[in-house]
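Structure, as structure tokens:
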Amino acid sequence: MSSLFAMMGAAGSALDVYQKALGVIQNNVNNSSTPGYAAQSLNLEAMPLDVATGLAGGVTTAGLDNSRDPYAEEQLQQQTQTLGQYTAQAQSTGTIQSFFDASGNSGVSAALTALLQSFSAWSATPNDPTAEQSVLASAGTVASSIQSLASSLSQTAQQFDTSIASTASQINSIAAQIQSYNQQRLTETTPDPGEDAQLYSALDNLSQLTNFSTVTQADGTVTVMLGGGSPLVDGSQQYAIQTASSPAGAQILDSQGNDITSQITGGQLGGLLDSTNRVLGSMLGNSQQTGTLNQFAIALAKTVNGILESGTVSPGGAAGTALFTYSATPTDAAATLAVNSNVTLAAANGAGSNGNANQLAALTNTPLAQLGGMSLTQYFGQITSEIGQENQTATDNQTSQQQVVAQATTLINQVSGVSLNEEATSVLQFQSAYQASAQVLTVLNTIADSVIAMITPQT
Amino acid sequence: MRRRPSDRVRAARANLRLSAQLCGGADINDLHRAFNLLETSVAEMRQAGAEVRHGIPDDCAEFLREIALLKHEIAGTMRVVDGCAALYRGVSMRLGLTSLTYAPKGSSVAQVPSAAACELQG
């Protein structure tokens, strides 16, 4: 009887193991679409078999294995960080580019062309009041166009600042989720597949927002460090980041208030910081530079004013006055450019009654030292061209990076994902094999009965 | 040395016991090996039956005792196999699976419902 009890014990143990194995399969199938879930498999161990001592053998469970590949996960996170950066750059430079008309038919380019043409017309009829009015009107249009452009770019910078603050807030929110996972993990001996899936889903989301690296500690908790090594989450401690503004541009501060902006080079946050501090900063200026748009406004105003102030009004010989006014603060030049309401246009100089007006008309092709040897038209064209190139480069990078991320995602799905076909085939194969075994056992039992029947009547 | 019918029943029981061990592991290859061992047990018992038809074995009492032990083992193994088959039948019904088919390369594949359907059923 002891053998029968041992067998029954082994049978009970086997059923228990099978229930767990089936639970794992069903969990895999149910979570096949769960973000961050890695397929699980049940490890089995043989139990000792020794009939003499009553050890009935059988199997027992030896823990769960998941199919997650840390290398593949890290690759996907890194590629996603880069994609997040390019996507943010493409969107933000696209917004900036929309304020520039590359065709030159509207905006600052068209206004500048009209002003230079009005100078030319004025030089032909220097005493014609209509030509003078045309110059004043064109100058007003140029000034308002430049002001409007500066205002649009400033508003865009504010929108980017808001987006940066919102992104930082999202990063802190995800960091709180990871901190919560770490706290839970410290209370468990083995990781829970559901919590593990949530962790990796959170890390995937974080990789869209910023660049970071992770280290899994011996106790199973995950330490998350921002690009340059500033901790974001360490064990059960979260180190929230903050945003700030400085004369140099938008800033990211760690929980101690240290500036870590230079460490944020990836993800949506990295892309937004780059567009705000580098691209917009180069146009609008900051504590380190005047800004190309301000340089353009200053060069235009100074050159035109200089020529007009050196001339005289004919007849009468009164000295000319400045056409444009602007702020003495270089970084505010474009935003404050306006037409002098008390202007006296001086068309004459020593070269004749229209000598000064001719000099203004020649500005179309005159290289200016303060613009690096470029004319006004060329310089503004270069500003337009640069932002166009920025947007094109970011868009191209985004497109190619999407392919890389798609490949990395496919790799992850192959390694860690749940294959419904495999799980279903596994279930059906087991079902068929057991049904076949049951039939053979029935045959075996029938033969045993018939052999007994052969002997029993004769004994 | 010629094997007696009781030796054949003992061999069938040994194969059956080993088969029961392999049935316990959630490994389809082990399950196939277990199935082969069961077929070997059947072959041994068929041979033992053929020999009994030609004459009652000398060790009749030993022979009957071995068969009784074999039937006990069959009953125990049957419970394991029936239980596991029922579990898998239940899971496959729950997952909405129908049957196995075979791919051109010979690997078995299954008709799988969509992930969304699985989640609804799960």
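Once the Cα atoms of region A:340-392 are picked out, what are the Rg and Dmax in Å?
Cα only, region A:340-392: 15.8, 49 Å (Rg, Dmax).
Apply the Karplus curve 6.51 cos²θ - 1.76 cosθ + 1.60, θ = phi - 60°, to the phi angles in region A:282-296 and return the couplings in whole Hz, x for Gly and Pro.
After applying 6.51 cos²θ - 1.76 cosθ + 1.60, I find 5, 8, 8, x, 7, 5, 9, 8, 6, x, 5, 5, 5, 4, 5 Hz.
Taking 2.2 N^0.38 Å as the expected size of a compact globular protein, what ratio does the Cα radius of gyration of region A:276-376 give against it, to two decimals?
Compared with the compact-globule rule of thumb, region A:276-376 sits at 1.22.
Amide H neighbours of residue A:339 under 5 Å, at least 5 residues apart or on other chains, H built in the peptide plane: list them.
Distant-sequence amide H within range of residue A:339: A:325.
Residue by residue, what Karplus-based ³J(HN,Hα) values in Hz, rounded to whole numbers, does region A:328-333 have, using 6.51, -1.76 and 1.60 with θ = phi - 60° and x for Gly and Pro?
6, 7, x, 6, 9, 4
Read phi for every residue in region A:136-150 and hand back ³J(HN,Hα) as whole Hz from Karplus 6.51 cos²θ - 1.76 cosθ + 1.60, θ = phi - 60°, with x for Gly and Pro.
4, 5, 5, 5, x, 5, 4, 4, 5, 5, 5, 4, 4, 5, 4
Please give the FRET efficiency for residue A:287 paired with residue A:404, using the beta carbon to beta carbon distance and R0 = 41 Å, rounded to the nearest 0.05.
0.65
For region A:172-299, I need the span (max minus min coordinate) of the C-alpha atoms along each principal axis, in Å, sorted largest to smallest.
70, 25, 19
Any read-out appearing in this document is the output of simple, stated calculations on the displayed coordinates, not a laboratory observation. Small disclaimer: the values here were computed from a predicted structure and weren't measured. Quick reminder, even Gly has a Cβ in these numbers, built from the backbone with ideal geometry, and neighbours come from all protein chains shown.
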